[in-house]
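J.: Dumping the structure here so I can ask a few things about it.
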Amino acid sequence: MVIDILVGTTSGNTEFLADMLHEELKQRGHSVRFHDNPQLNDLPTNDGFWLICVATHGAGEVADSMLDLNDQLQQQQPSLKGVQGAILSVGDSSYDTFCQAGKDIEHVVVGLGVHLISPRFDIDMMTSSDPEQSAVNWLQSWASKLGS
Ligand SMILES: Cc1cc2nc3c(=O)[nH]c(=O)nc-3n(C[C@H](O)[C@H](O)[C@H](O)COP(=O)(O)O)c2cc1C
């Protein structure tokens, strides 16, 4: 199955985690398209799998590289009923708006029809001793559900 990895990062941590997931998916035999500045026009909307990796910045806002996609989804309201997905949400629990961007993106894409095959996974960069391993463990918990 072809996986589209969508990265929302400002300072690079989430891109690093997404790279690890990219490697893991390739090792499992999947084709992966990596979008470090995802644009709706470049993504499948009738089928496919969106692996969304997004950090929270500002006062609970979506990180810079996903601002375009967030706007495009809200303005164009495409039907995403055939799309499956999973969401890795990166944040820091010292903020009141912990992982708010992941929650907001989840609300948007699920509202447009995306079927999440696993619950959203929130990584706390303040307390996690090994965020890379946590992210890979999370992927391994659902990757067998992906078609070949
Ligand atoms: C200015 C700033 C604002 C932030 N705001 C939040 C926030 O509201 N909620 C949250 O969970 N994390 C927040 N964070 C923490 C980031 O999500 C965390 O540092 C993350 O690792 C950044 O990922 P990135 O390097 O992929 O951009 C903030 C970080 C910075 C520097």
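The values are calculated or read from the model by the stated rules, or taken from the named source; none is laboratory data. Predicted model, so just to flag it, every value in this text is computed and none were measured. Because the Cβ atoms are built from the backbone with ideal geometry, glycine has one as well, and the counts that use them run over all protein chains shown. The accessibility values were calculated without ligands, DNA or RNA, using every heavy atom of the protein model including side chains. Shrake-Rupley method; radii C 1.70, N 1.55, O 1.52, S 1.80 Å.
J.: At a 1.4 Å probe, what is the % contribution of carbon and sulfur to the accessible area of region 2-145?
T.: The nonpolar share, carbon plus sulfur, comes to 43 percent.
J.: I would also like to ask the following. Going by the alpha-carbon gyration tensor, a ≥ b ≥ c the square roots of its eigenvalues, is region 62-108 rounded (a/c under 1.5) or, if a/c is not under 1.5, prolate (a/b greater than b/c) versus oblate?
T.: Prolate shape, in that a/c is at least 1.5 and a/b is the bigger ratio.
J.: With a 1.4 Å probe and all protein chains left in place, how much accessible area per residue does the chain have, in Å²?
T.: 48
J.: Can you work out the FRET efficiency for the pair Q133 and L67, with r the C-beta to C-beta distance and R0 = 25 Å, to the nearest 0.05?
T.: After rounding to 0.05, the efficiency reads 0.30.
J.: Sticking with this one: Grab the Cα-Cα distance for Q140 and Q39, subtract it from 0.36 nm times how many residues apart they are, and report the gain in nm with one decimal.
T.: 33.7 nm
J.: Grab the Cα-Cα distance for K81 and M1, subtract it from 0.36 nm times how many residues apart they are, and report the gain in nm with one decimal.
T.: Length difference between fully extended and current span is 27.1 nm.
J.: Stretched out fully, how many nm does the piece from K26 to Y95 gain, at 0.36 nm a residue minus the Cα gap?
T.: That pair, K26 and Y95, stretches by 21.4 nm at full extension.
J.: For region 69-83 and region 1-49, what is the separation of their C-alpha centers, rounded to whole Å?
T.: So the separation of the two Cα centres works out to 17 Å.
J.: Semi-axes, largest first, in whole Å: what does sqrt of 5 times each Cα gyration tensor eigenvalue give for region 2-145?
T.: 21, 19, 13
J.: Find out how many positive minus negative residues lie around N37, taking Lys and Arg as positive, Asp and Glu as negative, among other residues whose Cβ is under 10 Å from that of N37.
T.: Surrounding charge for N37 is -4.
J.: Percent relative contact order of the chain, based on C-alpha pairs within less than 8 angstrom and at least six residues apart?
T.: 25
J.: Considering amide H positions built from the backbone, and no H for Pro or chain starts, which residues 5 or more places from V83, or on another chain, come under 5 Å of its amide H?
T.: It is H115, by chain and number.
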